[in-house]
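The values are calculated or read from the model by the stated rules, or taken from the named source; none is laboratory data. A quick note: this is a predicted structure, and the numbers were derived from the prediction, not measured. Cβ sites come from the backbone with ideal geometry, for glycine too, and all protein chains shown count toward neighbours. All accessible areas refer to the heavy atoms of the entire protein, side chains included, with ligands and DNA or RNA removed. Shrake-Rupley method; radii C 1.70, N 1.55, O 1.52, S 1.80 Å.
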Amino acid sequence: MATKNVIGFPLGGNKAHLRDRTLLIPEMNRTGANLLAATFRSFGVRARVMDTYKGLDLGKEYTSGKECYPCQVTLGDILHCIEKEKEDLGDSFNPADYIYFMPESEGPCRFGMYNKYQRIVLDSFPGLKELQILSPTNSDAYSLGDILAEHQEQDFRKTAYFSMVVTDILDRLLWKIRPYEREPGMTDAYMERSRRSVADTFEIYGRKKLFGKIMDKLEEIVEGAKSIVDPTIAPKPVVGIVGEIFLRMHDHANQDLVRVLEKHGAEVVNASLCEWVNYVSYDGLRQAKREFLLNLKQLRLEPLKASLRKMIGFGGDLLYKEWRQRKVYRRIRGLIDIPEDHKISHLEHSLKESDLFSFDLRTEACLSIASIIEFARGGYNGVVNVYPFTCMPSMATSAVVKPFLRKLRIPYLDVSCDSTIQPGREAAIRTFMYQAHQRFNQSQ
Ligand code: SF4
(Lines give C-alpha, C1' and ligand atoms only; values in the text may rest on other atoms or scores of the structure.)
Protein backbone atom coordinates (compact mmCIF):
# COMPACT_ATOMS: atom_id res chain seq x y z
CA MET A 1 0.00 0.00 0.00
CA ALA A 2 1.39 3.43 -0.91
CA THR A 3 2.06 5.86 1.86
CA LYS A 4 -0.22 8.88 1.46
CA ASN A 5 0.43 12.53 2.07
CA VAL A 6 -3.01 12.80 3.68
CA ILE A 7 -4.38 15.14 1.05
CA GLY A 8 -4.82 12.13 -1.12
CA PHE A 9 -1.68 11.97 -3.25
CA PRO A 10 0.80 9.18 -2.90
CA LEU A 11 4.12 10.41 -1.59
CA GLY A 12 6.00 8.35 -4.09
CA GLY A 13 6.32 10.61 -7.14
CA ASN A 14 9.83 11.94 -6.91
CA LYS A 15 11.78 10.09 -4.27
CA ALA A 16 15.04 11.93 -4.74
CA HIS A 17 13.20 15.18 -4.25
CA LEU A 18 11.50 13.88 -1.13
CA ARG A 19 14.84 12.87 0.27
CA ASP A 20 16.02 16.45 -0.07
CA ARG A 21 13.43 17.60 2.43
CA THR A 22 13.77 17.66 6.18
CA LEU A 23 11.80 14.98 7.97
CA LEU A 24 10.37 16.31 11.22
CA ILE A 25 9.88 13.61 13.84
CA PRO A 26 7.69 14.22 16.90
CA GLU A 27 9.08 13.10 20.23
CA MET A 28 7.06 10.40 21.97
CA ASN A 29 9.88 8.50 23.61
CA ARG A 30 12.95 10.75 23.86
CA THR A 31 15.45 7.98 23.17
CA GLY A 32 13.30 6.31 20.52
CA ALA A 33 12.73 9.51 18.53
CA ASN A 34 16.43 10.37 18.54
CA LEU A 35 17.53 6.89 17.50
CA LEU A 36 14.92 6.83 14.74
CA ALA A 37 16.11 10.21 13.45
CA ALA A 38 19.72 8.96 13.53
CA THR A 39 18.64 5.86 11.60
CA PHE A 40 16.95 8.00 8.95
CA ARG A 41 20.08 10.16 8.69
CA SER A 42 22.19 7.07 8.29
CA PHE A 43 20.07 6.23 5.22
CA GLY A 44 20.56 9.69 3.78
CA VAL A 45 17.27 11.26 4.90
CA ARG A 46 17.69 14.63 6.58
CA ALA A 47 15.75 13.94 9.77
CA ARG A 48 15.48 15.69 13.07
CA VAL A 49 13.42 15.49 16.24
CA MET A 50 11.16 18.44 16.99
CA ASP A 51 11.15 20.13 20.38
CA THR A 52 8.23 18.79 22.32
CA TYR A 53 5.66 20.36 24.62
CA LYS A 54 6.89 23.88 23.90
CA GLY A 55 3.95 24.49 21.55
CA LEU A 56 1.23 23.03 23.74
CA ASP A 57 -0.65 26.36 23.83
CA LEU A 58 -0.76 26.31 20.02
CA GLY A 59 -1.95 22.70 20.10
CA LYS A 60 -4.77 23.70 22.42
CA GLU A 61 -5.62 26.81 20.40
CA TYR A 62 -6.21 24.77 17.23
CA THR A 63 -8.15 21.91 18.79
CA SER A 64 -11.58 21.92 20.39
CA GLY A 65 -10.59 19.94 23.50
CA LYS A 66 -12.46 16.82 22.35
CA GLU A 67 -9.44 15.37 20.54
CA CYS A 68 -7.11 12.86 22.16
CA TYR A 69 -4.41 14.57 24.20
CA PRO A 70 -1.48 13.15 22.11
CA CYS A 71 -3.11 14.79 19.08
CA GLN A 72 -3.00 18.17 20.85
CA VAL A 73 0.60 17.67 21.94
CA THR A 74 1.89 16.63 18.52
CA LEU A 75 -0.09 19.36 16.74
CA GLY A 76 1.50 21.87 19.10
CA ASP A 77 4.94 20.41 18.34
CA ILE A 78 4.62 20.81 14.56
CA LEU A 79 3.09 24.30 14.77
CA HIS A 80 5.78 25.43 17.19
CA CYS A 81 8.50 23.94 15.00
CA ILE A 82 7.20 25.75 11.90
CA GLU A 83 6.86 29.03 13.81
CA LYS A 84 10.47 28.69 14.94
CA GLU A 85 11.73 27.81 11.46
CA LYS A 86 9.98 30.88 10.05
CA GLU A 87 11.57 33.04 12.71
CA ASP A 88 15.05 31.61 12.10
CA LEU A 89 14.98 31.49 8.30
CA GLY A 90 12.94 34.59 7.49
CA ASP A 91 12.26 34.94 3.75
CA SER A 92 14.06 31.75 2.85
CA PHE A 93 11.55 29.66 4.85
CA ASN A 94 9.75 27.31 2.48
CA PRO A 95 7.15 24.87 3.89
CA ALA A 96 7.75 22.56 0.93
CA ASP A 97 11.20 21.82 2.38
CA TYR A 98 9.65 19.76 5.21
CA ILE A 99 7.86 16.49 5.72
CA TYR A 100 6.08 15.88 8.99
CA PHE A 101 6.19 12.28 10.22
CA MET A 102 2.90 11.16 11.76
CA PRO A 103 2.19 7.43 11.54
CA GLU A 104 -1.37 6.18 11.88
CA SER A 105 -3.25 3.08 12.84
CA GLU A 106 -6.49 1.50 11.72
CA GLY A 107 -8.99 0.15 14.14
CA PRO A 108 -11.66 1.38 16.43
CA CYS A 109 -9.66 4.11 18.16
CA ARG A 110 -8.84 7.63 16.97
CA PHE A 111 -5.11 7.51 16.24
CA GLY A 112 -5.89 7.16 12.53
CA MET A 113 -7.55 10.59 12.64
CA TYR A 114 -4.61 12.61 14.00
CA ASN A 115 -2.89 13.13 10.65
CA LYS A 116 -6.18 13.97 8.92
CA TYR A 117 -7.14 16.53 11.53
CA GLN A 118 -3.63 17.98 11.60
CA ARG A 119 -3.73 18.24 7.79
CA ILE A 120 -6.88 20.38 8.06
CA VAL A 121 -5.19 22.63 10.63
CA LEU A 122 -1.99 22.99 8.59
CA ASP A 123 -4.02 23.78 5.47
CA SER A 124 -5.68 26.64 7.31
CA PHE A 125 -2.32 28.48 7.46
CA PRO A 126 -1.14 30.30 4.33
CA GLY A 127 1.44 28.23 2.48
CA LEU A 128 1.39 25.20 4.78
CA LYS A 129 -0.46 23.07 2.23
CA GLU A 130 3.02 22.51 0.83
CA LEU A 131 4.20 20.87 4.02
CA GLN A 132 3.55 17.19 3.51
CA ILE A 133 2.63 14.65 6.14
CA LEU A 134 4.18 11.20 5.88
CA SER A 135 1.79 8.71 7.42
CA PRO A 136 2.92 5.11 7.31
CA THR A 137 0.13 2.89 8.53
CA ASN A 138 -0.12 -0.33 10.55
CA SER A 139 -2.16 -1.94 7.75
CA ASP A 140 1.11 -2.46 5.82
CA ALA A 141 3.30 -2.78 8.96
CA TYR A 142 4.44 0.86 8.62
CA SER A 143 6.03 0.55 5.21
CA LEU A 144 8.20 3.52 4.17
CA GLY A 145 8.64 2.68 0.52
CA ASP A 146 7.95 6.22 -0.60
CA ILE A 147 10.65 8.03 1.25
CA LEU A 148 13.46 5.51 0.76
CA ALA A 149 14.84 3.86 -2.33
CA GLU A 150 13.29 0.44 -2.83
CA HIS A 151 16.50 -1.46 -2.15
CA GLN A 152 16.93 0.41 1.15
CA GLU A 153 13.54 -0.23 2.65
CA GLN A 154 14.18 -3.69 4.11
CA ASP A 155 17.49 -2.64 5.62
CA PHE A 156 15.94 0.51 7.02
CA ARG A 157 13.14 -1.43 8.66
CA LYS A 158 15.62 -3.80 10.27
CA THR A 159 17.76 -0.97 11.62
CA ALA A 160 14.73 1.05 12.74
CA TYR A 161 13.40 -1.99 14.62
CA PHE A 162 16.80 -2.58 16.16
CA SER A 163 16.78 1.07 17.31
CA MET A 164 13.49 0.40 19.11
CA VAL A 165 14.89 -2.65 20.91
CA VAL A 166 17.91 -0.56 21.95
CA THR A 167 15.51 2.17 23.14
CA ASP A 168 13.72 -0.35 25.36
CA ILE A 169 17.01 -1.61 26.74
CA LEU A 170 18.18 1.93 27.59
CA ASP A 171 14.83 2.71 29.23
CA ARG A 172 14.89 -0.50 31.26
CA LEU A 173 18.42 0.25 32.31
CA LEU A 174 17.38 3.72 33.47
CA TRP A 175 14.46 2.39 35.54
CA LYS A 176 16.67 -0.32 37.03
CA ILE A 177 19.47 2.03 38.05
CA ARG A 178 17.88 5.35 39.01
CA PRO A 179 16.03 4.21 42.17
CA TYR A 180 19.36 2.97 43.55
CA GLU A 181 21.74 5.71 42.39
CA ARG A 182 24.58 6.85 44.64
CA GLU A 183 23.82 10.54 44.16
CA PRO A 184 20.64 12.17 42.83
CA GLY A 185 20.90 13.14 39.17
CA MET A 186 23.77 10.76 38.31
CA THR A 187 21.62 8.39 36.26
CA ASP A 188 19.88 11.13 34.27
CA ALA A 189 23.17 12.79 33.35
CA TYR A 190 24.73 9.45 32.42
CA MET A 191 21.76 8.33 30.33
CA GLU A 192 21.60 11.66 28.48
CA ARG A 193 25.23 11.24 27.43
CA SER A 194 24.63 7.60 26.52
CA ARG A 195 21.60 8.47 24.40
CA ARG A 196 23.70 10.85 22.33
CA SER A 197 26.55 8.40 21.86
CA VAL A 198 24.20 5.57 20.85
CA ALA A 199 22.51 7.91 18.35
CA ASP A 200 25.96 8.64 16.87
CA THR A 201 26.67 4.93 16.47
CA PHE A 202 23.33 4.45 14.71
CA GLU A 203 24.16 7.25 12.33
CA ILE A 204 27.53 5.70 11.50
CA TYR A 205 26.70 1.98 11.43
CA GLY A 206 22.90 1.85 10.95
CA ARG A 207 22.83 1.79 7.19
CA LYS A 208 25.45 -0.95 6.96
CA LYS A 209 23.57 -2.94 9.62
CA LEU A 210 26.72 -3.31 11.68
CA PHE A 211 24.64 -4.11 14.74
CA GLY A 212 27.61 -5.73 16.47
CA LYS A 213 29.29 -2.32 16.74
CA ILE A 214 26.13 -0.80 18.23
CA MET A 215 25.85 -3.72 20.67
CA ASP A 216 29.44 -3.12 21.79
CA LYS A 217 28.52 0.48 22.61
CA LEU A 218 25.39 -0.68 24.43
CA GLU A 219 27.37 -3.15 26.53
CA GLU A 220 29.85 -0.42 27.42
CA ILE A 221 26.94 1.77 28.58
CA VAL A 222 25.43 -1.01 30.68
CA GLU A 223 28.79 -1.70 32.36
CA GLY A 224 29.22 2.02 33.08
CA ALA A 225 25.70 2.29 34.51
CA LYS A 226 26.37 -0.47 37.05
CA SER A 227 28.89 1.74 38.82
CA ILE A 228 26.14 4.30 39.56
CA VAL A 229 24.30 1.86 41.83
CA ASP A 230 24.70 2.14 45.58
CA PRO A 231 24.66 -1.52 46.74
CA THR A 232 23.61 -0.54 50.28
CA ILE A 233 20.16 0.65 49.12
CA ALA A 234 17.60 -2.08 49.84
CA PRO A 235 15.33 -3.44 47.08
CA LYS A 236 12.13 -1.46 46.50
CA PRO A 237 8.57 -2.44 45.53
CA VAL A 238 8.26 -3.03 41.80
CA VAL A 239 5.42 -1.26 40.01
CA GLY A 240 4.33 -2.05 36.44
CA ILE A 241 2.99 0.59 34.08
CA VAL A 242 0.59 -0.11 31.22
CA GLY A 243 -1.66 2.14 29.16
CA GLU A 244 -1.70 4.28 26.07
CA ILE A 245 1.70 4.25 24.40
CA PHE A 246 2.19 8.01 23.93
CA LEU A 247 1.31 8.84 27.52
CA ARG A 248 3.38 5.97 28.89
CA MET A 249 6.44 7.21 27.04
CA HIS A 250 6.11 11.01 27.00
CA ASP A 251 7.48 12.34 30.29
CA HIS A 252 6.03 15.85 29.88
CA ALA A 253 2.56 14.63 28.95
CA ASN A 254 2.40 12.16 31.85
CA GLN A 255 3.82 14.78 34.22
CA ASP A 256 6.89 12.70 34.94
CA LEU A 257 4.94 9.75 36.25
CA VAL A 258 7.91 7.38 36.53
CA ARG A 259 9.94 9.91 38.48
CA VAL A 260 7.03 10.68 40.84
CA LEU A 261 6.57 6.96 41.51
CA GLU A 262 10.31 6.65 42.14
CA LYS A 263 10.18 9.63 44.48
CA HIS A 264 7.68 7.68 46.57
CA GLY A 265 9.87 4.60 46.67
CA ALA A 266 9.08 2.52 43.56
CA GLU A 267 11.20 0.66 41.07
CA VAL A 268 9.23 0.95 37.84
CA VAL A 269 8.86 -1.26 34.77
CA ASN A 270 6.97 0.43 31.94
CA ALA A 271 5.58 -1.58 29.03
CA SER A 272 7.97 -1.45 26.09
CA LEU A 273 8.02 0.42 22.79
CA CYS A 274 8.47 -2.83 20.85
CA GLU A 275 5.28 -4.24 22.37
CA TRP A 276 3.13 -2.16 19.99
CA VAL A 277 5.40 -2.69 16.98
CA ASN A 278 5.42 -6.46 17.50
CA TYR A 279 1.68 -6.40 18.04
CA VAL A 280 1.18 -4.72 14.64
CA SER A 281 2.88 -7.66 12.90
CA TYR A 282 1.12 -10.18 15.14
CA ASP A 283 -2.29 -8.65 14.48
CA GLY A 284 -1.56 -8.45 10.73
CA LEU A 285 -0.74 -12.16 10.75
CA ARG A 286 -3.89 -12.93 12.72
CA GLN A 287 -6.09 -11.01 10.28
CA ALA A 288 -4.35 -12.60 7.27
CA LYS A 289 -4.95 -16.09 8.71
CA ARG A 290 -8.65 -15.31 9.09
CA GLU A 291 -8.87 -14.06 5.53
CA PHE A 292 -7.04 -17.14 4.32
CA LEU A 293 -9.45 -19.51 6.05
CA LEU A 294 -12.47 -17.61 4.76
CA ASN A 295 -11.14 -17.63 1.21
CA LEU A 296 -10.33 -21.31 1.51
CA LYS A 297 -13.88 -22.08 2.62
CA GLN A 298 -15.28 -20.17 -0.32
CA LEU A 299 -12.65 -21.54 -2.73
CA ARG A 300 -11.69 -18.08 -4.00
CA LEU A 301 -8.32 -18.66 -5.60
CA GLU A 302 -6.91 -15.17 -6.20
CA PRO A 303 -7.89 -13.76 -2.77
CA LEU A 304 -6.56 -17.01 -1.27
CA LYS A 305 -3.17 -16.39 -2.84
CA ALA A 306 -3.23 -12.74 -1.69
CA SER A 307 -3.99 -13.71 1.91
CA LEU A 308 -1.24 -16.34 1.78
CA ARG A 309 1.23 -13.66 0.66
CA LYS A 310 0.07 -11.45 3.52
CA MET A 311 0.51 -14.31 6.00
CA ILE A 312 4.05 -14.90 4.80
CA GLY A 313 4.82 -11.16 4.93
CA PHE A 314 3.51 -10.51 8.43
CA GLY A 315 4.70 -13.90 9.72
CA GLY A 316 8.25 -13.33 8.46
CA ASP A 317 8.25 -9.84 9.91
CA LEU A 318 7.15 -11.10 13.33
CA LEU A 319 9.67 -13.94 13.37
CA TYR A 320 12.47 -11.56 12.52
CA LYS A 321 11.46 -9.06 15.22
CA GLU A 322 11.18 -11.71 17.91
CA TRP A 323 14.51 -13.20 16.93
CA ARG A 324 16.27 -9.83 16.96
CA GLN A 325 14.72 -8.82 20.27
CA ARG A 326 15.64 -12.13 21.92
CA LYS A 327 19.22 -11.83 20.73
CA VAL A 328 19.69 -8.33 22.15
CA TYR A 329 18.02 -9.11 25.49
CA ARG A 330 20.05 -12.31 25.91
CA ARG A 331 23.30 -10.42 25.54
CA ILE A 332 22.31 -7.53 27.83
CA ARG A 333 20.66 -9.70 30.47
CA GLY A 334 23.98 -11.48 30.78
CA LEU A 335 25.32 -8.19 32.19
CA ILE A 336 22.41 -6.82 34.21
CA ASP A 337 19.11 -8.17 35.45
CA ILE A 338 16.62 -6.08 33.45
CA PRO A 339 13.17 -7.61 32.83
CA GLU A 340 12.66 -9.58 29.61
CA ASP A 341 10.00 -8.32 27.18
CA HIS A 342 6.98 -10.58 26.60
CA LYS A 343 5.98 -12.29 23.35
CA ILE A 344 2.65 -11.16 21.96
CA SER A 345 1.52 -14.77 21.43
CA HIS A 346 2.18 -15.33 25.12
CA LEU A 347 -0.02 -12.33 25.99
CA GLU A 348 -2.84 -13.68 23.84
CA HIS A 349 -2.50 -17.04 25.53
CA SER A 350 -2.71 -15.44 29.01
CA LEU A 351 -5.74 -13.45 27.99
CA LYS A 352 -7.52 -16.52 26.66
CA GLU A 353 -6.73 -18.43 29.83
CA SER A 354 -8.04 -15.66 32.06
CA ASP A 355 -11.12 -15.13 29.90
CA LEU A 356 -11.05 -11.42 30.74
CA PHE A 357 -10.83 -9.93 27.24
CA SER A 358 -10.14 -10.98 23.67
CA PHE A 359 -7.51 -10.18 21.07
CA ASP A 360 -10.40 -10.08 18.59
CA LEU A 361 -11.32 -6.68 20.02
CA ARG A 362 -7.85 -5.38 19.13
CA THR A 363 -6.43 -1.96 20.30
CA GLU A 364 -4.00 -1.49 23.17
CA ALA A 365 -6.57 -2.77 25.66
CA CYS A 366 -5.70 -6.38 24.85
CA LEU A 367 -2.01 -5.65 25.44
CA SER A 368 -2.57 -3.71 28.66
CA ILE A 369 -4.95 -6.25 30.20
CA ALA A 370 -2.68 -9.17 29.30
CA SER A 371 0.38 -7.32 30.63
CA ILE A 372 -1.41 -6.71 33.93
CA ILE A 373 -2.09 -10.43 34.21
CA GLU A 374 1.62 -11.01 33.62
CA PHE A 375 2.56 -8.39 36.25
CA ALA A 376 0.25 -10.13 38.74
CA ARG A 377 1.83 -13.50 37.99
CA GLY A 378 5.32 -11.99 38.19
CA GLY A 379 4.77 -10.77 41.77
CA TYR A 380 4.67 -7.03 41.01
CA ASN A 381 3.62 -4.91 43.97
CA GLY A 382 1.34 -2.54 42.10
CA VAL A 383 0.03 -1.57 38.66
CA VAL A 384 -0.53 1.86 37.12
CA ASN A 385 -2.61 2.44 34.00
CA VAL A 386 -1.73 5.80 32.41
CA TYR A 387 -3.76 7.26 29.57
CA PRO A 388 -5.12 10.42 27.96
CA PHE A 389 -8.39 11.69 29.41
CA THR A 390 -11.26 9.81 27.64
CA CYS A 391 -8.97 7.28 25.90
CA MET A 392 -11.27 4.44 24.91
CA PRO A 393 -8.98 1.38 25.07
CA SER A 394 -7.50 2.48 28.40
CA MET A 395 -10.90 3.02 29.99
CA ALA A 396 -11.88 -0.46 28.83
CA THR A 397 -8.69 -1.76 30.47
CA SER A 398 -9.55 -0.01 33.70
CA ALA A 399 -13.08 -1.43 33.80
CA VAL A 400 -11.87 -4.98 33.13
CA VAL A 401 -8.86 -5.20 35.44
CA LYS A 402 -10.11 -3.46 38.58
CA PRO A 403 -12.19 -6.40 39.91
CA PHE A 404 -9.44 -8.84 38.87
CA LEU A 405 -6.73 -6.97 40.79
CA ARG A 406 -8.99 -6.31 43.77
CA LYS A 407 -9.48 -10.04 44.15
CA LEU A 408 -5.71 -10.54 44.14
CA ARG A 409 -5.24 -7.56 46.49
CA ILE A 410 -2.78 -5.90 44.12
CA PRO A 411 -2.79 -2.07 44.37
CA TYR A 412 -3.99 -0.40 41.17
CA LEU A 413 -4.07 3.22 40.04
CA ASP A 414 -5.64 4.92 37.02
CA VAL A 415 -3.70 8.02 35.91
CA SER A 416 -5.76 9.92 33.40
CA CYS A 417 -3.90 12.90 31.91
CA ASP A 418 -4.67 16.08 30.09
CA SER A 419 -2.62 19.25 30.27
CA THR A 420 -4.09 20.35 33.60
CA ILE A 421 -2.33 19.81 36.91
CA GLN A 422 -4.68 17.88 39.15
CA PRO A 423 -4.25 18.94 42.77
CA GLY A 424 -4.93 15.46 44.21
CA ARG A 425 -2.64 13.58 41.84
CA GLU A 426 0.42 13.31 44.02
CA ALA A 427 -1.70 12.36 47.06
CA ALA A 428 -3.25 9.53 45.00
CA ILE A 429 0.21 8.32 43.93
CA ARG A 430 1.48 8.54 47.51
CA THR A 431 -1.47 6.48 48.77
CA PHE A 432 -0.98 3.94 45.99
CA MET A 433 2.71 3.65 46.87
CA TYR A 434 1.84 3.19 50.55
CA GLN A 435 -0.27 0.17 49.53
CA ALA A 436 2.50 -1.09 47.23
CA HIS A 437 4.99 -0.87 50.13
CA GLN A 438 2.61 -2.85 52.36
CA ARG A 439 2.26 -5.55 49.76
CA PHE A 440 6.01 -5.61 49.24
CA ASN A 441 6.68 -5.94 52.98
CA GLN A 442 4.18 -8.81 53.27
CA SER A 443 5.94 -10.69 50.51
CA GLN A 444 9.39 -10.37 52.16
S1 SF4 B 1 -5.48 4.95 22.06
FE2 SF4 B 1 -6.65 6.48 23.20
S3 SF4 B 1 -5.51 8.37 22.97
FE4 SF4 B 1 -4.76 6.97 21.41
S5 SF4 B 1 -6.02 7.46 19.64
FE6 SF4 B 1 -7.03 5.79 20.67
S7 SF4 B 1 -8.53 6.78 22.00
FE8 SF4 B 1 -7.05 8.33 21.38
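Summary table
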{"read-out": "The chain - convex hull of the alpha-carbon atoms, volume per residue in Å³", "value": "153 Å³"}
{"read-out": "Charge-dipole axis of the chain as Lys and Arg at +1 and Asp and Glu at -1 on Cβ define it, positive-most pick from VAL383, SER197, MET311", "value": "MET311"}
{"read-out": "Heavy-atom surface of the chain, accessible at 1.4 Å and reported per residue (Å²)", "value": "45 Å²"}
{"read-out": "The chain - share of DSSP beta bridges that are antiparallel (%, nearest 5)", "value": "5 percent"}
{"read-out": "Under the Karplus curve 6.51 cos²θ - 1.76 cosθ + 1.60, θ = phi - 60°, whole-Hz ³J(HN,Hα) for the range 254-262, x wherever Gly or Pro sits", "value": "8, 6, 6, 3, 4, 5, 5, 4, 5"}
{"read-out": "Environment charge at LEU308 (Cβ cut-off 14 Å; Lys +1, Arg +1, Asp -1, Glu -1)", "value": "+4"}
{"read-out": "Residue-level accessible surface for THR390, protein heavy atoms, 1.4 Å, Å²", "value": "50 Å²"}
{"read-out": "The range 233-240 - phi-based ³J(HN,Hα) in whole Hz, Karplus 6.51/-1.76/1.60, Gly and Pro as x", "value": "6, 6, x, 10, x, 9, 10, x"}
{"read-out": "Debye equation applied to the C-alpha atoms of the range 224-295, log10 I(q)/I(0) at 0.28 Å⁻¹", "value": "-1.20"}
{"read-out": "Within the chain, longest stretch free of exposed trypsin sites (Lys or Arg not before Pro) [DSSP loop, at most 11 other beta carbons within 10 Å]", "value": "209-408"}
{"read-out": "Calculated FRET value between GLU219 and ASP51, using beta carbons and R₀ = 35 Å, to 0.05", "value": "0.65"}
{"read-out": "Long-range amide H partners of TYR412 with built H, under 5 Å", "value": "VAL383"}
{"read-out": "Contour minus Cα-Cα distance for LYS209 and LEU361 (0.36 nm per residue)", "value": "51.1 nm"}
{"read-out": "Pairs from LYS84/LYS129; LYS176/LYS236; LYS176/LYS352; LYS226/LYS321 whose Cα-Cα separation, in the structure shown, is over 21 Å", "value": "LYS176/LYS352; LYS226/LYS321"}
{"read-out": "Whole-percent carbon and sulfur share, accessible surface of the chain, 1.4 Å", "value": "55 percent"}
{"read-out": "Phi-based couplings in Hz for the range 304-309 (Karplus 6.51, -1.76, 1.60; Gly and Pro marked x)", "value": "5, 5, 5, 5, 5, 4"}
{"read-out": "Simple Cβ-charge dipole of the range 386-444, Lys/Arg +1 and Asp/Glu -1, about Cα centre, in debye nearest 20", "value": "340 debye"}
{"read-out": "With all protein chains modelled, accessible area of TRP323 [1.4 Å, Å²]", "value": "100 Å²"}
